[in-house]
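The next block holds one structure in the form of structure tokens; read it before the comments.
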Amino acid sequence: MKKSNLIEIIRLFSQKEFKEFGDFVRSPFFNKNEAVIHLYEHIKKYFPELESDYLEKEKVYEELTGNSEYNDGYMRSVIFNLSKLAEDYLAYLATNDFEKEILLLDAFLKRGSDKLFEKKMKQLSDFLSKDTKIDQYHFYCLYRLQTLKISYNSRKRAFLNIKDFHEEEEMKILDSLLNFYLLASIPEYRFFYNQTNVVNIELKFPFLDETINFLEKTGFHKKVTLLNLYYHELLLAMNDNEGNYYKLKQIVLKDIDSYDFGVKFNSVGLLANKAVNEYYRGNEKFLNERFEMHDLIISKGLYKKFENGFFDDMLFKNIVIVGLQLDKIEWTENFINSYIDKLDPDNKN
């Protein structure tokens, strides 16, 4: 059993989560099988290491039943049921508060409680109107909310004539859906386009030409700061000319503090890579661009991929080399002294 899916899932739990999972298992609403509870209590003795020989199926069976004659079918059933509860518990943890509120709103709609629906709809609409993180999930939430609102409105009016159709309200759902699609798809286009430059492969991108033509024609991307950024990242990935580079740089510098870490990391990294490519093509003024990007990476803490990670050693060397090439001796020395201890100890020397 030590190598079972059940144990692999339980290894993911923190101490607090494993204890809470016990409450989940003991709740008669989720589980009425006493053998499953006993299995949890047995595993609890060996958590978090989960390496004891007493977790072998035969020994667990004897502990649970008091019978030394092993029954594999019984054990498989109990392990499966506890595994399913562990998956359900993780799914519960992964469901965020807004998603739970949407499900509650849907329940009010389906059960015909107009008063509760309208109150909850106003609460969620107010919450989204104050949301400062306008990304694809924001528009996904808007889309879900607006879909339920339209379902509610369609039940309240018969659309007998043009007066019953509220165009602005009804069309918001399409804007939300389109923003969600574009914010989700354009970074994927950019990623795969970059891959074709790194690896000699040819990929076909469905709707890419249509997407770019639509944005060029309508300027739809200019309505949302993040979408505008993604669009210009894609243009640079597709054609790394100076014009696309400087336009993206302007956009990044203007709003960089409004982006979360991952967006900043990817955007500045893209600019830094394109500056390297342009410099090695013989465009020497891009040596200064490389230095600018390095300085930005340092000032915004973008030199490691993870919060507790180390300074990327290749980036560290490149920063030193560019600093020396530009004869910024004092700056480079200060950089080394300030950041040398952030390198992986195995690579530091």
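The values are calculated or read from the model by the stated rules, or taken from the named source; none is laboratory data. None of these values were measured; they are calculated from a predicted model. Glycine also receives a Cβ, built like all others from the backbone with ideal geometry; neighbour counts cover every protein chain displayed. When the accessible area is computed, the model is the full protein with side chains, heavy atoms only, and any ligands, DNA or RNA have been set aside. Shrake-Rupley method; radii C 1.70, N 1.55, O 1.52, S 1.80 Å.
For the stretch 130-148, indicate whether the set of residues that are on the phi < 0 side of the Ramachandran plot, surrounded by fewer than 11 Cβ atoms within 10 Å (Cβ to Cβ), modelled with pLDDT under 85 and of a type in the set (V, I, T) is non-empty.
The answer is no; no qualifying residue exists.
Restricting to helices (runs of 4 or more DSSP H) lying wholly in the stretch 236-335: which have 3 or more residues that are open to solvent by 60 Å² or more (accessible area, probe 1.4 Å), without any contact (Cβ under 8 Å) to a residue 24 or more places away in the chain and hydrophobic (A, V, I, L, M, F, W, C)?
Of the helices (runs of 4 or more DSSP H) lying wholly inside the stretch 236-335, those with at least 3 residues that are open to solvent by 60 Å² or more (accessible area, probe 1.4 Å), without any contact (Cβ under 8 Å) to a residue 24 or more places away in the chain and hydrophobic (A, V, I, L, M, F, W, C) span 313-325.
Scanning for something closer than 23 Å to A91 by Cα, in contact (Cβ under 8 Å) with a residue 12 or more places away in the chain and among the small types (G, A, S), does the stretch 15-32 turn up at least one residue?
There is at least one residue in the stretch 15-32 that is closer than 23 Å to A91 by Cα, in contact (Cβ under 8 Å) with a residue 12 or more places away in the chain and among the small types (G, A, S).
Could you list all residues from the stretch 39-90 that are touching a Ser or Thr at 6+ places or on another chain (Cβ under 6 Å) and either open to solvent by 80 Å² or more (accessible area, probe 1.4 Å) or on the phi > 0 side of the Ramachandran plot (or both)?
E62
How many of the residues in the stretch 16-55 are part of a helix (DSSP H, G or I) and not aromatic (F, W, Y)?
20
Given the conditions (1) closer than 30 Å to S154 by Cβ; (2) touching a helix residue (DSSP H, G or I) at 6+ places or on another chain (Cβ under 6 Å); (3) not in a helix (DSSP H, G or I), which single one is not true for S68?
(1)
Report yes if E99 is loosely packed, with under 15 Cβ neighbours inside 10 Å, assigned to a helix (DSSP H, G or I) and touching a Cys at 6+ places or on another chain (Cβ under 9 Å), otherwise no.
So E99 fits the description; yes.
Scan the stretch 129-144 and report the pairs whose first residue is more than 22 Å from L104 (Cα to Cα) and whose second residue is open to solvent by 50 Å² or more (accessible area, probe 1.4 Å) and polar (S, T, N, Q), with Cβ atoms within less than 8 Å and a gap of 6+ or a chain change.
The qualifying pairs are I134/T225.
Among the residues of the stretch 102-129, write down those that are assigned to a loop (DSSP other than H, G, I, E, B) and open to solvent by 100 Å² or more (accessible area, probe 1.4 Å).
R111
Please work out if N194 is part of a helix (DSSP H, G or I), surrounded by 14 or more Cβ atoms within 10 Å (Cβ to Cβ) and at pLDDT 80 or above.
yes
What about S299, is it within 29 Å of the chain's Cα centre (by Cα), small (G, A, S) and within 25 Å of N347 (Cβ to Cβ)?
Against the criterion (within 29 Å of the chain's Cα centre (by Cα), small (G, A, S) and within 25 Å of N347 (Cβ to Cβ)), S299 qualifies.
So V25 clears everything in (1) at positive phi; (2) modelled with pLDDT of 95 or more except one condition, right? Which one?
Of everything listed in (1) at positive phi; (2) modelled with pLDDT of 95 or more, V25 misses just condition (1).
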